[in-house]
1. Scan the stretch 714-727 and tell me whether some residue there is assigned to a helix (DSSP H, G or I) and open to solvent by 20 Å² or more (accessible area, probe 1.4 Å).
2. Take A763 and tell me if it is small (G, A, S), closer than 30 Å to S374 by Cβ and modelled with pLDDT of 85 or more.
3. In the stretch 471-496, which residues are of a type in the set (K, R) and either part of a loop (DSSP other than H, G, I, E, B) or touching an Asp or Glu at 6+ places or on another chain (Cβ under 9 Å) (or both)?
4. Only one residue in F523, F467 is among the aromatic types (F, W, Y), touching a residue at least 60 places away in the same chain (Cβ under 8 Å) and either crowded, with 21+ Cβ neighbours inside 10 Å or in a loop (DSSP other than H, G, I, E, B) (or both). Which one?
5. Under the condition of being among the aliphatic types (A, V, I, L, M), over 16 Å from T553 (Cβ atoms) and in contact with a Lys or Arg (Cβ under 8 Å, 6 or more places away or on another chain), which residue from the stretch 738-750 is surrounded by the most Cβ atoms within 10 Å (Cβ to Cβ)?
6. Counting only residues that are open to solvent by 10 Å² or more (accessible area, probe 1.4 Å) and either closer than 20 Å to I190 by Cα or among the aliphatic types (A, V, I, L, M) (or both), give me the helices (runs of 4 or more DSSP H) lying completely in the stretch 271-359 with at least 2 of them.
7. Say we look at the stretch 226-266 and pick out the residues that are assigned to a helix (DSSP H, G or I) and in contact with a Cys (Cβ under 9 Å, 6 or more places away or on another chain); which of these is least open to solvent (accessible area, probe 1.4 Å)?
8. Would you mention how many residues in the stretch 607-625 are open to solvent by 30 Å² or more (accessible area, probe 1.4 Å) and either assigned to a loop (DSSP other than H, G, I, E, B) or under 19 Å from V648 (Cα atoms) (or both)?
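The values are calculated or read from the model by the stated rules, or taken from the named source; none is laboratory data. This structure is a prediction, so every number in the text was calculated from the model and none was measured. Here Cβ is always computed from backbone atoms with ideal geometry, including for glycine, and neighbour counts include all displayed protein chains. We work out accessible area using only protein heavy atoms, side chains counted, and drop any ligands, DNA or RNA first. Shrake-Rupley method; radii C 1.70, N 1.55, O 1.52, S 1.80 Å.
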Amino acid sequence: MITRNTFKYIYPLKDVPADRFDVIGGKAGSLARMISDLSLPVPEGYVLISDACVNGEVREEALAEISDLTTRLSPNHTYAVRSSALCEDGSEASFAGQFETLTRVRVEDICSAVMKVAESAASERVEGYTRHIGGDGREDGDDADASACGEKTEEDTLGVSSSQAVSKIAIVIQRFVDPAFAGVLFTSDIITGKDDCLIGNFVRGEGEKLVSGIENAEAFRIGAIRRSYEGPSEMKPYAGKLGKYCKQIRRYYGVPMDIEWAVSKKKVYILQARPITTLRRLNLDTYEVNGTFSGYKMLTRTNVGEIFQKPVTPMTFSALEKINTLIGLPDWLDNIDGQPYMNISVICSMLVSFGMSRESALNATKDLLGNVPSGVAVPISPFSKRDFFRAVKKIVFPKQKSKLRKKQKKEMVDKLPEICRECMDEIRNLATNPELKAYWDKNLLPKLNDGLASIMGASGTSLAPLFGTRKKIGRIAGDEMANRLCGGCVGTLDCMKPVLLLEDVLSGKLSKEEYIRTCGHRFTEEMELAAPRPYEDPDFLEARLTEHRRSGTDLHAMQERQKKAFEEALSEFKEKYPGKRKWIDKEIGKFTRANAFREDLRSKGVWIFSVFRDYLRRIGIVNGLGDDIFMLTVDEAFALTEGKTLPVETRIRERRKTYEEYSSYPSFPMLIVGPFDPVKWLSDPERRSDFYCADISSDVAMPSDVKGFPGAAGKVTGTVRVVTDIDKTDEIKDGDILVTVSTNIGWTLVFPRVSAIVTDIGAPLSHAAIVAREFGIPAVVGCGNATTMLKNGDTVIVDGAAGTVTKLKDHS
């Protein structure tokens, strides 16, 4: 048995130290992880690290170690000697077939085989391939693709340069399994990205015949969601095991995988696994990201498009990626060219895994999703309930569990804004990286854990009534009554305070200082870490007060009228359904508490984000980067506090270039199904902003009318004002009908000036619908095509109860 310290240049694949993965290459790294982390049947072997090879030659000391190793290997076996270059088997380029691979190598020939493989690193073939792909290949496990290996990938590659990756080679020495048949299996369709089936090919004998094209392959398919098999009968006995192993690999790496396998003596072996290079979601070096390229998904901008109305920076993107990992929903918050999307497919896939039908799962998400065109089905992917429950368990029972008692948690929730401000004051005094790291470890992280535990523990509130209350009431009394009862009942939500409390400041009921403490963190880009907070601008409140004075509206009166309308509707319901009196009070109570909790949770989440922003800004200042820190990722920022050397200038330059390009794009379609190429979409003069489907978009007619969800009841006739950028709201005239892509809390300040609200993005639970209902402003949300079909000056009738916008007169 070879121990870790026996050799300087050789490690057993089953025992590679965590800090040595950067010198064993992608192939060896993948094999080592599949052995140690997944316990998969991978033939045993060893890896000669890249330090042993220089310019295509093996160091004498390393050759001596190989010679020593061969004395310990069984002469009854033959071996495979293969390359494991730092540029090989990556998500950018596979380098498949470029380096030498030798099989059936006898023990006495291993030294010469190793030298031959090492020489291939300097061959014209490799150099030509490197030039072709731009000299920037990296391999699986070491690639900076954030989803390649979960949390560890970015940390593993913080200091890896592309030139080093291309020039260095490690070598795998592995027991050769003599296959009855061997092949490859893709966890997703390499063209469409669909992953409901595993797609494979095999040949009899060695898999090299398949790779080289010497022999025609047999094709087969294995169901990835429900067990099924299509293909030659001789492969069927092994399909179950192979499918199980390959799904494990896919879940572990988090990206579509290309897997080599073999069957020898009726046992399935895994020989290699690498990302499918054609299904690449992210290049973190340049911040090129497109979630539709890594799988066939249904993505929506509804709700998430309200929170993030502009492309997010790399820093915010990396924070959202960590949220996905935390909650156990892969790519739940997905992204296309910086624009965040909600992945409806992963939500529906989770529901289907718990036994719900595809149709029922889609219907259950409609309050979040909005309308789906007829004939469009939600794509379903394999979903691991085990991984999901593990993530939930970590949230409920974290390793660093809060030590606060129930009473202390309630106090922390009440005082969270004050605690956050105290943290901000402390952060401003941190002057060195060691101080920053110590403050995170000893102060900020424990308080963050306590804060999250307190928010969740002290609430005792379920969010479920947000999704079910309207439907329950509608089944009894109809949709119109349901809409009337779900408006005017929730009181003053946090998202209403930035505009409502302005009147209290003007009347003297509230001081300016108290307004800033209560609302100074809320604005349009509040979840973007790079965006300055309102409280950072000493003049922000005066600007808001001036704007509100100009509107001349009385929001408290509007709120009171809506409350009376609710009370009238409630009285009508109880009179018509006397047996449901207690039931309706209970349901409305739960609905009110759920709304208040959601908005309070969001407000406190913004405070936590604001503290994190101040901490990141301080890292930028201490390291001479300023606000360029937001072009890095969370892990990279933390690495700076640990004293690690990073190629920050290159990454900042490349990512800023990409981010600025993203910032010039318009909003992409509200609903996207399948692979979406923004460049092609932008060049299409007939492009649609409401819907895109890779399979059937050309067959779905563009709606000629404007129809969406009933957002807030009421009917009004007025003049359209299309405003797609909050910086241009000064174009709005009092009484205009606001037509925009989406709204969030920053737009609330404009609501008192408009007679109705119409949005492309939205659903009954969206910001525009909630706030409009409470102020009695008619609203139609989630139309998809409003900003396309309506023009400035058009005269329209907005019917909030019916969810329709009727054009009476075109502006000419």
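1. yes
2. On the way: small (G, A, S): yes; closer than 30 Å to S374 by Cβ: yes; modelled with pLDDT of 85 or more: no.
For A763, the condition - small (G, A, S), closer than 30 Å to S374 by Cβ and modelled with pLDDT of 85 or more - is not met.
3. Passing the criteria: K471, K472, R484.
4. F523
5. It comes out as V739.
6. 314-327, 344-353
7. This residue is Y253.
8. Total meeting the criteria: 7.
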